[in-house]
Amino acid sequence: MQELEQILIIFIAAVALAAAARRAGAPYPVFLAIGGALLALVPGAPSPSLPPELVLALFVAPVLVDAGYDASLRDLRDNWAPLVSLVIFAVCLTTAAVAMVTHALVPGMPWAAAVALGAIVAPPDAVAATAVLRPLRPPQRILGILEGESLLNDASALLIYRLAVGAVAAGGFSVQAVAPTFLLAVLGSLIAGPALGWLVQRLFERVQHIPTAIILQFIGTISVWQLAEHVGLSGVLTTVCFAMTLARTAPARIPARVRIPTNAVWATVVFALNIFAFIFIGLQIRPILMALEPSARTQYLLVAAAVLVTVIVVRVAWHMSFNAAIRWRDHRHGFNPPRPMLRPSVGSGLVISWAGMRGVVTLAAALALPEGFPGRDLIVLTAFLVVLGTLLIQGLTLKPLLRALNLKDGDPVAHEEHVARQRMLEAAFEQLPAEGSAAVSLVRKNLKMHLGRPLHESGSPFASFGAEYDDRYRAALQAARQVLLAMRDAGSIGDDAFHTLENDLDWLEVSDPLRAANADATE
């Protein structure tokens, strides 16, 4: 019971740190990493543990599904060259460089264990980068590359990780022995992931009870990972393909009343998993440090510092070299993108190179190493310090870098949204009779209200009207809510009626009142 209370207190502290990060305008993983480091200094803190085989399924599978669901196949296709460069070449180079540096500093560490460490720290995490970049409205191409990289490099890095861990268990590594199994796992995952996504979607789309539907989504996510691992496929690659299949099929089949609360629950769970990951690894760091002799502790910290420098330098050197080659190609043959997007430049290369913060996947992979794995304590400590170092060094300087470079792309997403709104409105109006009743007129007005151009946009000629409307609308809703609360408190209405009306007010409040003003304002 005492350990449970301590974990709850730590969790509350982590939530407070995340809130402080939002106030400071910093990515919340930065503050969580600092909190994890402070946990290592707390005497008497609990030392919880999880079975290694469950760590990746618990921490990584939901994060991958969440990222895969938001991934854009069109953006992945458009940016295939930089993605291949980052997902395959940058990951392999980082893994190899870290393995060589580690083995040089710790000659007694087996090469397979050094490669495992390289694979653990190789994949960057887009959560911190997008938390910094999105409020600044960077070019969409940069966001698309970073989010696509974060999704796919987990697969490439953890495939290497799996091979390295297997090599340690087998006592050696043979390309001839591993290659057929590896290729079979990759090809099988590329087939099994979409098939399982299609099957799960067909099974779950019939469930209309919202809590049941959400619970089944998490059960399906963990089950897909476990099934893939059980039959010898790649859990990461299967889960990514599974998620991307759901992303293409679910929007047409899941009703809005299920999708809206589902999105909120998934965002909460991913946030909680990030917190738990930093808590768990923070609680594991103290026993490692306390068990080391001062000389060994110094060596471990030296290795961690060297690995941190290596992952930063390799990424910058590789991507800026690739960026130079792409700019040379565009200069020679012209830049002909399939749609408007930012032209590759030194500035865009610098932002992508510097957005290499590590996160929850690195932590989970380190925690998933089995007890007795060669150099496990060194690997866990190094992984945590690399996450902490990249978040502090790169995470806190990425915003000033982007502001200094002042990269602009004309906001193609806003243009696409405007075009889509017009086409949706035209399609909706075509379904209505030209001469209609009062009911048809009301439907037409409501469609214009909700699909028309939002009044709060700076380019809208009714922006000042929209601002006043927003203030009046929210004040009126607040007055209605106060009356409802007073009636409940006075006993004029019961809780059943109260919660029904409270739900109605909640939906009114979370909807965008500025769009609801469009029809009257523009007539």
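The values are calculated or read from the model by the stated rules, or taken from the named source; none is laboratory data. None of these values were measured; they are calculated from a predicted model. Cβ: placed from backbone, ideal geometry, glycine included. Neighbour counts: every protein chain shown. Ligands, DNA and RNA are excluded from the accessible area calculation, which covers all protein heavy atoms including side chains. Shrake-Rupley method; radii C 1.70, N 1.55, O 1.52, S 1.80 Å.
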Of all residues in the stretch 67-114, how many are open to solvent by less than 50 Å² (accessible area, probe 1.4 Å) and either not in a helix (DSSP H, G or I) or not β-branched (Val, Ile, Thr) (or both)?
23
Looking at the stretch 340-350, is at least one residue assigned to a loop (DSSP other than H, G, I, E, B), basic (Lys, Arg) and modelled with pLDDT under 90?
yes
Taking ALA383 and the conditions (1) open to solvent by less than 40 Å² (accessible area, probe 1.4 Å); (2) in contact with a Gly (Cβ under 8 Å, 6 or more places away or on another chain); (3) at pLDDT 85 or above; (4) not hydroxyl-bearing (Ser, Thr, Tyr), which numbered condition does it fall short on, given that it satisfies the others?
(2)
Of those in the stretch 195-211 that are open to solvent by less than 50 Å² (accessible area, probe 1.4 Å) and not aliphatic (A, V, I, L, M), the residue nearest to the chain's Cα centre (by Cα) is GLY197
Would it be correct to say that ALA61 is touching a residue at least 12 places away in the same chain (Cβ under 8 Å) and within 19 Å of the chain's Cα centre (by Cα)?
yes
Does the stretch 261-280 hold any residues that are aromatic (Phe, Trp, Tyr) and open to solvent by less than 40 Å² (accessible area, probe 1.4 Å), and which are they?
TRP266, PHE278, PHE280
Is the stretch 296-317 home to any residue that is without any contact (Cβ under 8 Å) to a residue 60 or more places away in the chain, farther than 20 Å from THR362 by Cβ, open to solvent by less than 50 Å² (accessible area, probe 1.4 Å) and in contact with a Ser or Thr (Cβ under 7 Å, 6 or more places away or on another chain)?
no
Could you count how many residues in the stretch 421-458 are among the charged types (D, E, K, R), at pLDDT below 75 and open to solvent by 90 Å² or more (accessible area, probe 1.4 Å)?
2
All-but-one check, THR500 against (1) of a type in the set (Ser, Thr, Tyr); (2) crowded, with 16+ Cβ neighbours inside 10 Å; (3) modelled with pLDDT of 80 or more, failing number (2)
Pick from the stretch 212-243, criterion among the β-branched types (Val, Ile, Thr) and surrounded by fewer than 16 Cβ atoms within 10 Å (Cβ to Cβ), ranking: nearest to LEU187 (Cα to Cα)
VAL231
The condition from (1) part of a helix (DSSP H, G or I); (2) buried (at least 19 other Cβ atoms within 10 Å of the Cβ); (3) at pLDDT 80 or above that LEU283 misses is numbered (3)
So, LEU143, is that one within 29 Å of LEU17 (Cα to Cα), free of Cβ contacts under 8 Å to residues at least 24 places away in the same chain and open to solvent by less than 50 Å² (accessible area, probe 1.4 Å) or not?
yes
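Of all residues in the stretch 244-260 being in a helix (DSSP H, G or I) and open to solvent by 40 Å² or more (accessible area, probe 1.4 Å), which is nearest to ALA71 (Cα to Cα)?
ARG248
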Go through (1) within 20 Å of the chain's Cα centre (by Cα); (2) of a type in the set (Gly, Ala, Ser); (3) open to solvent by 20 Å² or more (accessible area, probe 1.4 Å) for GLY166 and report which single condition fails.
(1)
Taking only the stretch 9-21 into account, find how many residues are under 19 Å from GLN394 (Cα atoms) and modelled with pLDDT under 80.
0
Considering only the stretch 328-347, state which residues are open to solvent by 80 Å² or more (accessible area, probe 1.4 Å) and either at positive phi or under 29 Å from the mean Cα position of the chain (by Cα) (or both).
PRO338, PRO340, ARG343
All but one of (1) under 31 Å from the mean Cα position of the chain (by Cα); (2) modelled with pLDDT under 80; (3) open to solvent by 70 Å² or more (accessible area, probe 1.4 Å) hold for ALA414, so report the exception by its number.
(3)
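Can ARG134 be described as over 17 Å from ARG376 (Cα atoms) and part of a helix (DSSP H, G or I)?
Considered against the rule, which asks whether it is over 17 Å from ARG376 (Cα atoms) and part of a helix (DSSP H, G or I), ARG134 comes out as yes.
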Out of (1) in contact with a helix residue (DSSP H, G or I) (Cβ under 6 Å, 6 or more places away or on another chain); (2) among the polar types (S, T, N, Q); (3) at pLDDT below 85, the one THR95 does not meet is (3)
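In the stretch 325-339, what count of residues is obtained for those that are in contact (Cβ under 8 Å) with a residue 40 or more places away in the chain and in a helix (DSSP H, G or I)? I'd like the intermediate steps shown before the answer.
To start, the set of residues in the stretch 325-339 that are in contact (Cβ under 8 Å) with a residue 40 or more places away in the chain comprises 326, 337-339.
Next, only the ones that are in a helix (DSSP H, G or I) stay: 326.
Of the residues in the stretch 325-339, 1 are in contact (Cβ under 8 Å) with a residue 40 or more places away in the chain and in a helix (DSSP H, G or I).
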